[in-house]
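I have placed the structure first, in the form of structure tokens, so that the comments after it can refer back to it.
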Amino acid sequence: RPEASYREVVDSDHRRRFAQYFTPQPIAELMVKWVAGCKPKSLLDPAVGPGIFVREATKSIPRCSITALALDQTALGAASLAVTRKSRVKFVQGDFLTWTSDEVFDAVLANPPYLKHHNFHYDNDIFSEIGCRSGVTLSRLTNIYVLFIMEICRRLRSGGRAAVIVPGEWVNANYGEALKQFLLKNNLLDVLIYFSHSALIFEEALTTASVLLIEKPIDKVRRESVLI
């Protein structure tokens, strides 16, 4: 598989620098099935890696145009090589958190980088900017994947769906309170899948995992509960 080949070719220092931990195939299939439920015509992967979501989406979601974004040119090249239906995919090198495009999408699939606050730096105050857009105050101890989730929701059309896999630590971390507030206030979270602490979902990463299944409401009807 492309992810296994990528590990063989790209050294661990490079993968750690870009916080690249890959989504297992069964979980990727589940996530694609969720977003396919809204019959998307446009889809974004904002941290494409070797491209597992793009490959699954091109197989499972017909007539859907896909934008695959990555900061790392090496990963972007690997994804391009691994995808067979290239005519439906636009590959873009860039940082999702500072991406200047005004595009919005019917669906988003993402495994954001797992970088703690002291391992990423921006010239601008990225916490204040994204917090202001999202209507919350973000701690400067916030992991980068929280910023990704908020920006993913901003780029979803009403009625659109997103599936995002991240470490599960945000559920109990102090910085996760702002994310909980954001998701519940905006009626975004439909299902939270939280894996057992004994299940190591990410190879090479000793962390728990969670999957957020998000649906952006068309109207202001509140969900009565979140399925966990």
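The values are calculated or read from the model by the stated rules, or taken from the named source; none is laboratory data. All values derive from a computational prediction rather than experimental measurement. Methodologically, a virtual Cβ is constructed for each residue, glycine included, from the backbone with ideal geometry; neighbour enumeration extends over all protein chains shown. Just so you know, the surface numbers come from the protein's heavy atoms only, side chains and all, with ligands and any DNA or RNA stripped out. Shrake-Rupley method; radii C 1.70, N 1.55, O 1.52, S 1.80 Å.
Probe radius 1.4 Å, ligands and nucleic acids left out: which of Cys38, Cys64 has the largest accessible area, and how do the rest follow? Walk me through the intermediate numbers first.
Numbers: Cys38 35, Cys64 5 Å².
Order by accessible area, largest first: Cys38, Cys64.
How high is the relative contact order of the stretch 1-69, in percent, counting Cα pairs under 8 Å that sit 6 or more residues apart?
Computed over the stretch 1-69, the figure is 34 percent.
Evaluate the distance, in nm, between pseudo-label points positioned 7 Å from the Cα of Ala173 and of Asp219 along their respective Cα→Cβ axes.
3.7 nm
If you average 1/r across every pair of different Cα atoms in the chain and take the reciprocal, what Kirkwood value do you get, in Å? Let's see the in-between values first.
Numbers: mean 1/r = 0.0566 Å⁻¹.
By the Kirkwood definition, the hydrodynamic radius is 17.7 Å.
Output the DSSP H helices from the chain with an along-axis C-alpha extent of no less than 24 Å and a mean Kyte-Doolittle hydropathy no less than 0.5.
In the chain, no H run is both long and hydrophobic enough.
Over all directions, the average projected area of the alpha-carbon convex hull for the stretch 86-200 comes to how many nm²?
Reported value for the Cα convex hull: 8.6 nm².
Any idea what the dipole of the stretch 70-172 comes to, in debye rounded to 20, about its Cα centre with Lys/Arg Cβ at +1 and Asp/Glu Cβ at -1?
440 debye
Please report, in debye to the nearest 20, how large the charge dipole of the stretch 1-87 is about its Cα centre when each Lys and Arg carries +1 at its beta carbon and each Asp and Glu carries -1 there.
Values: 13 positive and 8 negative charges, 85 e Å.
Rounded to the nearest 20 debye, it is 400 debye.
Using a cut-off of 29 Å between alpha-carbon atoms, which lysines can reach Lys39, once sequence neighbours fewer than 8 places away in the same chain are excluded?
Leaving aside lysines fewer than 8 places away in the same chain, those within reach of Lys39 are Lys59, Lys86, Lys90, Lys180, Lys185, Lys216, Lys220.
Using a 7 Å offset from Cα along Cα-Cβ at Lys185, what residues in the stretch 126-145 end up with backbone N under 12 Å from the label point?
131-138
Could you sort Glu129, Glu169, Glu177, Glu56 by accessible area so the largest value comes first, with the probe set to 1.4 Å? Can you show the working numbers first?
Details: Glu129 80, Glu169 55, Glu177 100, Glu56 15 Å².
Order by accessible area, largest first: Glu177, Glu129, Glu169, Glu56.
For a quick check: with amide H placed at 1.01 Å from N, whose amide H comes under 5 Å from Leu156's, ignoring anything fewer than 5 positions away on the same chain?
Close amide H contacts, sequence-distant or interchain: Phe105.
Out of all DSSP beta bridges in the chain, what portion is antiparallel? Express it as a percent rounded to 5.
Beta bridges within the chain, antiparallel portion: roughly 40 percent.
Determine how large the accessible area of His117 is when every protein chain is in place; take a 1.4 Å probe and give Å² rounded to the nearest 10.
The accessible area of His117 comes to roughly 60 Å².
How large is the charge dipole for the chain, taken about the Cα centre, if only the Cβ atoms of Lys, Arg (+1) and Asp, Glu (-1) carry charge, to the nearest 20 debye?
Its charge dipole is roughly 800 debye.
Express the relative contact order of the chain as a whole percentage, based on alpha carbon pairs under 8 Å and six or more residues apart in sequence.
Rounded, it is 19 percent for the chain.
At a 1.4 Å probe radius, which order do Arg55, Arg157 fall into by accessible area, largest first?
Of Arg55, Arg157, the descending order of accessible area is Arg157, Arg55.
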